[in-house]
Structure formats: structure tokens, C-alpha cells
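Structure first, commentary second.
Coordinate-derived values only; no laboratory data. Keep in mind that this is a model prediction, so the values were computed, not measured. All Cβ positions, glycine included, derive from the backbone under ideal geometry; neighbour counts span all protein chains shown.
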Amino acid sequence: MAATPRGTSPVPPDARPRLTVLSGPSGVGKSTVVAHMRKEHPEVWLSVSATTRKPRPGEKHGVQYFFVSDEEFDKLIANGELLEWAEFAGNRYGTPRRAVLDRLEAGEPVLLEIDLQGARQVKESMADAQLVFLAPPSWEELVRRLTGRGTESAEVIERRLAAARIELAAEAEFDTTLVNTSVEAVAVELLALMEIL
Ligand code: 5GP
């Protein structure tokens, strides 16, 4: 099944590459879509965020994230080095500003995969950014993905579902919605929105 773009805004043919922000509720599959897209198109530049989260097994500094201490993150904020930042599940995450601006100035499309709070901040500071919302095929499917691991308590699951309900309501703030019916289809739609295909 194809991904369904809703409300895609027309892009003038002479538009310079824009910043594209992929966001959506947690559990919807953003990182899976981005990983698939980059496997097929390694030339697409994805911003590497700074985070105070500890690396997971296999994650490398400078590849998935720049892993920094709380003090280093404080400094990045104080020096204005982050385009946006947010706290998510007890850790801080932020987009280094300079690298993004350098790529855009060089005429290359840029992709950010960030949470909803970050997407809102980007829209405020860069009005021409293109905000893409990744939506689950249905509420039931999101519930299945969020509860799928079967390791969390009923209380934790309830909290995550309540958060997901609020997150889904943010769709209206975005320029375009892609429905995650298939990872391959969404990756193709995203490349088209970034004018790479
Ligand atoms: P994870 O810890 O699973 O790698 O990421 C947790 C969440 O943080 C995901 O929703 C991801 O999109 C978000 N995230 C990753 N980098 C950034 C960032 O630079 N800024 C913001 N606002 N969110 C981020």
C-alpha cells in the first residue's frame, strides 16, 4: 500500500533546498523510515543531534548522536549553538545549528528527525522549513506498537498512550502528513518532498 500524502503544499520550481523536519508521535516509526531511506540514498544528509542520553549498544559518538554530558549540553544552549532542543523521556536532545546552516547555504537538502517540541521550535525560527508529520495507519496500530514489547507495567503503558493521544493532535500544525502504511512507501514520499527523487 502506498503512503498517503495529505495536504502537500505546492513547492515553486525554483525553490532552494529547504530544511525538512520529520516528526510524529513516539512509536510511529520515524527512525525506521529514516534508516531505510539512508540505506537506499546514503547521500541524503541527516543532522546528527547532541544528546545527554547514554549510548545504546552499537551506537557511536558522532554517528547516531554526539553523546555529551549535562554540563556540555548546558554550554551548547548558553552559546546559542542549538537550532532547537527538547527534553524527552528524561534526557535532552538538540540540533547543532552550524552544520545545518552550512549544508543549506551549500544548497543541499537537510533532514531533521526530531520530536514534536523540536519541530515547533524549528518552525518558529525558520519559517520556510517543511514540517512532515508521520502518522500511524490507525490508533489501534499505534497502541499495538507502543504496547508491543510487553515489558512495561499497565501504568506506564497508560501514560504512553495518553501522551500519544496528545501527540497525534499535533498533526494540524504540520505542512504534510505521511501515513506509515509501509516503510518503503513513506521513504519514497519523503525523498520526493525533499526533491531528491
Ligand atoms: P532516542 O532516544 O530513541 O534515540 O530518541 C528519542 C526521541 O528524541 C525521538 O523522538 C527522536 O526523534 C528525538 N530526537 C532525536 N534527536 C533530537 C533533537 O535533536 N531534537 C529533538 N527535539 N528531538 C530529538
Handout entry: Relative contact order for region 19-193, counting Cα pairs under 8 Å that sit 6 or more residues apart, in percent
Key = 34
Practice task
Post the alpha-carbon centroid distance, region 114-168 to region 31-57, in whole angstrom.
Solution key: 18
Completion exercise
Note, region 57-62: 3J(HN,Hα) by Karplus (6.51, -1.76, 1.60, θ = phi - 60°), whole Hz, Gly/Pro = x, goes x, x, 7, 10, 4, x
Fill in the blank from the handout: Excluding residues fewer than 8 positions from LYS123 in its own chain, the aspartates and glutamates with Cα under 12 Å of it are GLU84, GLU173, ASP175
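What is the sum of charges around SER23, taking Lys and Arg as +1, Asp and Glu as -1, for the other residues whose C-beta is under 12 Å from the C-beta of SER23?
Details: positive: LYS30, ARG120, LYS123; negative: GLU84, GLU113, ASP115, GLU167, GLU171, GLU173, ASP175.
The answer is -4.
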Exercise for the section: Tell me what the chain gives for mean residue ellipticity at 222 nm when only DSSP H runs of n ≥ 4 count, each as -39,500 (n - 2.57), the sum divided by the residue total, rounded to 500 deg cm²/dmol. Expected result: -11000 deg cm²/dmol
Completion exercise
In the chain the DSSP beta bridges are antiparallel at a rate, in percent to nearest 5, of 35
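I'd like the per residue volume of the convex hull spanned by the Cα atoms of the chain, given in cubic angstrom. Intermediate values should be presented prior to the final figure.
Working: hull volume 25.9 nm³, N = 197.
In the chain, the Cα hull volume divided by residue count equals 131 Å³.
Enumerate by residue number the trypsin sites (Lys or Arg not before Pro) in region 146-197 meeting two conditions: DSSP loop (anything except H, G, I, E, B), and at most 11 other Cβ atoms within 10 Å of the site's Cβ. Mind dumping the intermediate values first?
Working: sites: ARG149, ARG159, ARG160, ARG165; in loops: ARG149.
Those that pass, being in a loop and sparsely packed, are ARG149.
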